[in-house]
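**Student:** First, the structure itself, so that you have it in front of you.
The values are calculated or read from the model by the stated rules, or taken from the named source; none is laboratory data. Values in this document were obtained by computation on a predicted structure and should not be read as measured data. Cβ placement follows ideal geometry from the backbone for every residue including glycine, while neighbour counts extend to all protein chains displayed.
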Amino acid sequence: MTGDQGPANLGDVIHAGSVIQPGHDATRTRNITLLLATSVAIIMTGFGIIMPVFARRLGEFGSGVEALGLMTTAFALATFVAAPFMGALADRIGRRPLILLSLISFAVVNVGFLFARSTGEFTMLRVVEGLLTAGLMPAAMGIVADIAPEDQRAQKTGIVTAGMGLGIVFGPVLGGVLYDAWGFGAPFIASAALATLAFLFALVMVPETRPAAVRRREAMRLRRTSTSSGPSENGRWAFLPRPRYVFGTLLLLDFVIVFEYTFVEPQMIFYFYEQLQWTTIQFGLVIAATGVAIVVSQALLSQISDRIGRKPVVIMGALLFTALPGALAFVTWYPMMLMLAAVAGLGLGLMLPALNAFYLDITQAQHRGRVQGVKASSASLGGVFGPLVLAGITSLIAPQGVFLAAGAILVATIAICLIGLREPDRTPHGEEAKGWQRSADRSSLA
């Protein structure tokens, strides 16, 4: 019982009260996943609540679209900078502290918005918010990877991201209702209250899946590996998954997904209102159709890539997602627009769980938080460049040209994914998921 297999064998023969039964593994994994999804849904509802209010509040300060764009870019840049560091911290000190920090920071910043009296103060608070909440999703995805068997990763990540989608879909509606009924302060108070509720919920219910025993054992194994391996395996970038071209392709896809949204959405709003003469309600229904399709497909279909593989589901989802720029470029009949928006949402809902699980499949356990931070950073960079590129070309081409450009970028990215994505071999069912439980049980007996 020496070497890397020692800890796993010990987990099978300890004190009877510490043996992890397969049924208990599945039940505990499901419960933790649902608790995590609930926490994410609560915090993202709070995030969505305040989104409709920013533009109106900045208008009261005499600012306009440029200030809103600057504030959005500042938040994305802050997340881009902080996410890799927060992800690495989640690997070093555990997932749970980063989740709790993100939740309570979001609550405090929302209270701060109540006292902001200028556009500059709003922007600075958004920067602080981006810095302190950047660890939420890397840590959450790290927990899913720690507890879920490899053949259930997409299903479990889909449940968590479906919770996130619910908040994004329904939060803005609730924020608009609160603003119309009680004014500027109500959405921020409600958002802070929801964040506090999510913090308390996570504090009591969400466990640490990388206890100190696990982190110590992995640190010792990493030191042994570093001592015996050549220089090429060490260094600053040793944590990056291999093959690097597969990891780079995944990062490119994450970047493009967010870029597409932030590149298309501002133009889409003006196109709907000014050229198609559609109402605010019609625009909202298109967004809702996309969002509901994303949530439903993530909740019900996310396990498909666990069965047939990540790459085909990622490609299929990306192809379906091209329905959105295609519809914007060529469709003017509203019912067809609604249907194609739902098709695009279905594609995105299929793609995201498979994409998240793909990252987890190729990442070593001790580096998952850090890699998820790099992933979040790549997505944030897409959020920075999307509006900037749109601002640079919007005066040069018609709206349909913007939508066609978005479609062309997406198709080119799909072609790169066809060439650059390669799936790793699967590990035996449940082995990694049991490891954190065994380590936690050994720690409690020590």
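**Student:** Quick one: count up the residues across the stretch 173-190 that are in contact with a Lys or Arg (Cβ under 9 Å, 6 or more places away or on another chain) and not in a loop (DSSP other than H, G, I, E, B).
**Tutor:** Our first condition is that a residue be in contact with a Lys or Arg (Cβ under 9 Å, 6 or more places away or on another chain); within the stretch 173-190, this holds for 179, 184.
Narrowing further to those that are not in a loop (DSSP other than H, G, I, E, B): 179.
Here the count works out to 1.
**Student:** Within the stretch 386-409, which residues are in a helix (DSSP H, G or I) and more than 24 Å from the chain's Cα centre (by Cα)?
**Tutor:** Listed by number, the residues that qualify are ALA391, GLY392, ILE393, PRO399, GLN400, GLY401, VAL402, PHE403, LEU404, ALA405, ALA408.
**Student:** What are the pairs, 6+ residues apart or on separate chains, where a residue within the stretch 61-80 that is small (Gly, Ala, Ser) has its Cβ under 7 Å from a residue that is in a loop (DSSP other than H, G, I, E, B) and surrounded by 18 or more Cβ atoms within 10 Å (Cβ to Cβ)?
**Tutor:** none
**Student:** Related question: Given the conditions (1) crowded, with 18+ Cβ neighbours inside 10 Å; (2) touching a Lys or Arg at 6+ places or on another chain (Cβ under 9 Å); (3) among the aliphatic types (A, V, I, L, M); (4) at pLDDT 90 or above, report the number of the one that LEU203 does not fulfil.
**Tutor:** (1)
**Student:** Are any residues in the stretch 90-107 more than 21 Å from ALA212 (Cα to Cα) and hydrophobic (A, V, I, L, M, F, W, C), and if so, which ones?
**Tutor:** LEU103, ILE104, PHE106, ALA107
**Student:** While we're here: If we keep just the residues of the stretch 31-59 that are without any contact (Cβ under 8 Å) to a residue 24 or more places away in the chain and not aliphatic (A, V, I, L, M), which is nearest to VAL109 (Cα to Cα)?
**Tutor:** Here the residue is GLY59.
**Student:** Can you tell me which residues in the stretch 269-279 are surrounded by fewer than 11 Cβ atoms within 10 Å (Cβ to Cβ) and assigned to a helix (DSSP H, G or I)?
**Tutor:** Of everything in the stretch 269-279, just one residue is surrounded by fewer than 11 Cβ atoms within 10 Å (Cβ to Cβ) and assigned to a helix (DSSP H, G or I), namely GLU274.
**Student:** Hey, another quick one. For ALA344, all conditions in the list (1) over 26 Å from ARG244 (Cα atoms); (2) within 17 Å of the chain's Cα centre (by Cα) hold save one; what is the number of the exception?
**Tutor:** (2)
**Student:** Using the structure shown, decide if GLN282 is free of Cβ contacts under 8 Å to residues at least 60 places away in the same chain, of a type outside the set (A, V, I, L, M), under 17 Å from ALA341 (Cβ atoms) and surrounded by fewer than 19 Cβ atoms within 10 Å (Cβ to Cβ).
**Tutor:** Numbers: free of Cβ contacts under 8 Å to residues at least 60 places away in the same chain: yes; of a type outside the set (A, V, I, L, M): yes; under 17 Å from ALA341 (Cβ atoms): yes; surrounded by fewer than 19 Cβ atoms within 10 Å (Cβ to Cβ): yes.
When the stated conditions are applied, GLN282 passes them.
**Student:** Against the definition (crowded, with 16+ Cβ neighbours inside 10 Å, at pLDDT below 75 and not in a loop (DSSP other than H, G, I, E, B)), how does VAL258 come out, yes or no?
**Tutor:** no
**Student:** Residues of the stretch 34-58 being modelled with pLDDT of 80 or more, surrounded by fewer than 22 Cβ atoms within 10 Å (Cβ to Cβ) and not hydrophobic (A, V, I, L, M, F, W, C), which ones?
**Tutor:** THR38, ARG57
**Student:** Kindly check whether there is at least one residue in the stretch 189-211 that is farther than 15 Å from THR38 by Cβ, in contact with a Leu (Cβ under 8 Å, 6 or more places away or on another chain) and free of Cβ contacts under 8 Å to residues at least 12 places away in the same chain. Can you show your working first?
**Tutor:** Of the residues in the stretch 189-211, the ones farther than 15 Å from THR38 by Cβ are 189-193, 208-211.
Still in the list and also in contact with a Leu (Cβ under 8 Å, 6 or more places away or on another chain): 189-190.
From what is left, the residues that are free of Cβ contacts under 8 Å to residues at least 12 places away in the same chain are none.
Within the stretch 189-211 (the criterion being farther than 15 Å from THR38 by Cβ, in contact with a Leu (Cβ under 8 Å, 6 or more places away or on another chain) and free of Cβ contacts under 8 Å to residues at least 12 places away in the same chain), the answer is no, since none of the residues qualifies.
**Student:** Now for a separate question. Might you let me know whether the stretch 293-302 holds any residue that is more than 19 Å from the chain's Cα centre (by Cα) and either at positive phi or crowded, with 16+ Cβ neighbours inside 10 Å (or both)?
**Tutor:** No, there is no match, as no residue in the stretch 293-302 is more than 19 Å from the chain's Cα centre (by Cα) and either at positive phi or crowded, with 16+ Cβ neighbours inside 10 Å (or both).
**Student:** Hey, can you tell me all the residues within the stretch 127-167 that are of a type in the set (Asp, Glu) and farther than 23 Å from GLY309 by Cα?
**Tutor:** Within the stretch 127-167, just GLU129 meets the criteria.
**Student:** Considering only the stretch 289-317, state which residues are over 21 Å from LEU166 (Cα atoms), in a helix (DSSP H, G or I) and of a type outside the set (S, T, N, Q).
**Tutor:** Selection gives ASP306, ARG307, ILE308, ARG310, LYS311, PRO312, VAL313, VAL314, ILE315, MET316.
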